[in-house]
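**Q** My structure is below; once you've seen it, I'll send some questions.
What follows is calculated from the coordinates using simple rules that are stated; it is not laboratory data. None of these values were measured; they are calculated from a predicted model. Please note: Cβ atoms are built from the backbone with ideal geometry, for glycine as well, and neighbour counts cover all protein chains shown.
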Ligand SMILES: Nc1ncnc2c1ncn2[C@@H]1O[C@H](COP(=O)(O)OP(=O)(O)OP(=O)(O)O)[C@@H](O)[C@H]1O
Ligand SMILES: [Mg+2]
């Protein structure tokens, strides 16, 4: 009897302790949530740019582009034109300086790397490699040669040609051979994703390039920025135009013998604004065409170097791949490997390659149809 009474007591006090503990925990959670609600209730501040500063007043630019003459809080750090500030949404008074991490936005947006691709990984394109070595590599590695002869090298180069022919590879290989930072920017993203910020980003990209020099700024799909514009009526078009102007200004602004080079890339040379190709800008044009038979052979060799196969008539396969880009050759090699894996073999056969080439050709055809249908 007394035994069970004791047990009941123990259980009772145990559960009281437990409940008290739980109560404490719940109270803490409530407090935390209350604080969180308070925090959420504070009105958001607007990030604006200082255009001019005049004692305790400033002209600020709000994100939609309008400018206002406003007061600056006394507790605010000293400000300069160009600074970002946090502004009360109701009365637009400047509350404090917003020191965002320098080049934060730009580093998040570009791809920064030290590529490992070498010229040996590129099949065909001997002429193009030579040209890129002359225009990009030589000024970076031996600037004194140019000084001695008294000429200024181009500041940049424009690679143009169909998709998948090795333009990006060329850019990466030269960044590697010169031990440069490769800064990859996709121009269409610059204008689509960062509306209103394009020109500023271009400026920051060049700043970053100087900081990380020697460096190569690789602008893919440059036609998205540098297309001839017939009318600049819409605000979107004006924005692209502004970003383009900033790009031209940045290219004009750096030294040809400095250690920053620009490589532009496009599949649409025909629509480019001649302004980007003027002397002193990307005035060296390099065509990167589809590979010829010899090129196909070299590319095939590169992408099959780790594969095991014998009794393969390479010549026959190359004929079947006539009209393929380098990227398609690679795709065909990968597909052939998959056929072998599905069959539980480690040797890749000629039949695998033929099936793979067929598959890639079909995909190419359906892509062409799509382009014909939708432009
Ligand atoms: N000449 C080549 N030699 C070896 N591989 C190649 C060659 N061209 C293309 N490739 C293969 O195709 C892939 C894609 O090539 P790359 O990205 O350089 O094409 P691109 O010309 O930049 O195409 P896009 O115009 O679509 O950007 C490469 O990673 C490589 O594997
Ligand atoms: Mg590319």
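**Q** Taking the chain as a Gaussian network, Cα atoms linked when under 10 Å apart, which of 29, 165, 266 shows the biggest mean-square fluctuation?
**A** Looking only at 29, 165, 266, the largest GNM fluctuation is found for 29.
**Q** Could you work out the relative contact order of segment 293-374, using alpha carbon pairs under 8 angstrom and six or more residues apart, expressed as a whole percent? Walk me through the numbers before you get to the answer.
**A** Values: 70 pairs, mean separation 25.9, N = 82.
Relative contact order, segment 293-374: 32 percent.
**Q** What angle, in degrees between 0 and 90 and rounded to the nearest 10, separates the Cα long axis of helix 293-304 from the longest principal axis of the Cα atoms of the chain?
**A** So the inclination is approximately 40 degrees.
**Q** Still on this structure, I have one more. Relative to the compact globular guide of 2.2 N^0.38 Å, what is the alpha carbon radius of gyration of the chain, as a ratio?
**A** On the way: Rg = 30.5 Å, N = 375, 2.2 N^0.38 = 20.9 Å.
Normalised Rg, Cα atoms only: 1.46.
**Q** Where does the Debye-calculated log10 I(q)/I(0) of segment 45-97 sit at q = 0.31 Å⁻¹, using only Cα point scatterers of equal weight, no solvent?
**A** -1.46
**Q** Still on this structure: What full-extension length gain, to one decimal in nm, is calculated for residue 273 and residue 354 as 0.36 nm per residue of separation minus the Cα-Cα distance?
**A** The residue 273-residue 354 span can extend by a further 24.9 nm.
**Q** Contact order normalised by length for segment 45-97, with contacts defined as Cα pairs under 8 Å and 6 or more residues apart; what percent is it?
**A** Result for segment 45-97 is 37 percent.
**Q** So for 32, 303, fewest C-beta neighbours within 10 Å to most, what's the order?
**A** Lowest to highest Cβ neighbour count: 32, 303.
**Q** Right, something else. How big is segment 182-271 along each principal axis, measuring the range of its Cα positions in Å and listing the largest first?
**A** 38, 27, 21
**Q** Consider a paramagnetic label point 7 Å from the Cα of residue 207 along Cα→Cβ; state which residues of segment 59-80 have an amide N under 19 Å from it.
**A** 60-63, 77-80
**Q** Further question on the same structure: Using 7 Å Cα-to-Cβ label points, what is the residue 235/residue 366 separation (nm, one decimal)?
**A** 4.1 nm
**Q** Between residue 112 and residue 189, how high is the FRET efficiency from 1/(1 + (r/R0)^6) when r is the Cβ-Cβ distance and R₀ = 25 Å? Nearest 0.05.
**A** On the way: r = 15 Å, r/R0 = 0.60.
Efficiency at R0 = 25 Å is approximately 0.95.
**Q** Once Rh for segment 106-287 is found with the Kirkwood sum over Cα pairs, what is the Stokes-Einstein diffusion coefficient at 20 °C and 1.002 mPa s, in µm²/s?
**A** The Stokes-Einstein estimate is 131 µm²/s.
**Q** Related question: Once you place label points 7 Å from the Cα toward the Cβ at residue 75 and residue 99, how far apart are they in nm?
**A** Those two pseudo-labels are separated by 1.7 nm.
**Q** Answer rounded, prolate or oblate for segment 1-118, using the Cα gyration tensor with square roots of eigenvalues a ≥ b ≥ c: rounded when a/c is under 1.5, else prolate when a/b is larger than b/c, else oblate. Could the numbers behind the result be given before it?
**A** Values: a/c = 5.26, a/b = 2.17, b/c = 2.43.
Verdict is oblate for segment 1-118.
**Q** Could I ask something else about it? Order by neighbour count: 207, 6, fewest other Cβ atoms within 10 Å first, most last.
**A** On the way: 207 14, 6 10.
Ordered by Cβ neighbours within 10 Å, fewest first: 6, 207.
**Q** Report relative contact order for the chain in percent, whole number only (criteria: Cα-Cα under 8 Å, sequence separation at least 6).
**A** 14 percent
**Q** Can you give the FRET efficiency for residue 249 and residue 319, using 1/(1 + (r/R0)^6), R0 = 56 Å, r = Cβ-Cβ distance, to the nearest 0.05?
**A** That gives a FRET efficiency of 0.65.
**Q** Could you quote the convex hull projected area for segment 1-42, Cα atoms only and averaged over all directions, in nm²?
**A** 2.4 nm²
**Q** Give the whole-number value, in cubic angstrom per residue, of the convex hull volume spanned by the C-alpha atoms of segment 222-337. It would help to have the intermediate numbers written out before the result.
**A** Values: hull volume 18.7 nm³, N = 116.
For segment 222-337, the hull spanned by Cα atoms encloses 161 Å³ per residue.
**Q** Taking 0.36 nm per intervening residue step and subtracting the Cα-Cα distance, what contour gain separates residue 46 from residue 68 on full extension?
**A** Going from the current span to full extension adds 6.6 nm.
**Q** Given only helices, namely DSSP H runs of n ≥ 4 each adding -39500 (n - 2.57), what is the per-residue ellipticity at 222 nm of the chain, to the nearest 500 deg cm²/dmol?
**A** Mean residue ellipticity at 222 nm (helix-derived): -15000 deg cm²/dmol.
**Q** Per 0.36 nm of contour for each residue apart, how much would the distance between residue 345 and residue 38 grow if the chain were fully extended, relative to their Cα-Cα spacing? Walk me through the numbers on the way to the answer.
**A** Values: separation 307, 0.36 × 307 = 110.52 nm, distance 6.43 nm.
Separation in residues times 0.36 nm, less the Cα-Cα distance, equals 104.1 nm.
**Q** Taking only Cα atoms, what is the 0 to 90° angle, nearest 10, from helix 167-177's long axis to the longest principal axis of the chain?
**A** Roughly 80 degrees, rounded to the nearest 10.
**Q** Here's a follow-up. What FRET efficiency would be calculated for the residue pair residue 89, residue 59, taking the C-beta separation as r and a Förster radius of 25 Å, to the nearest 0.05?
**A** Efficiency for this residue pair is about 0.90.
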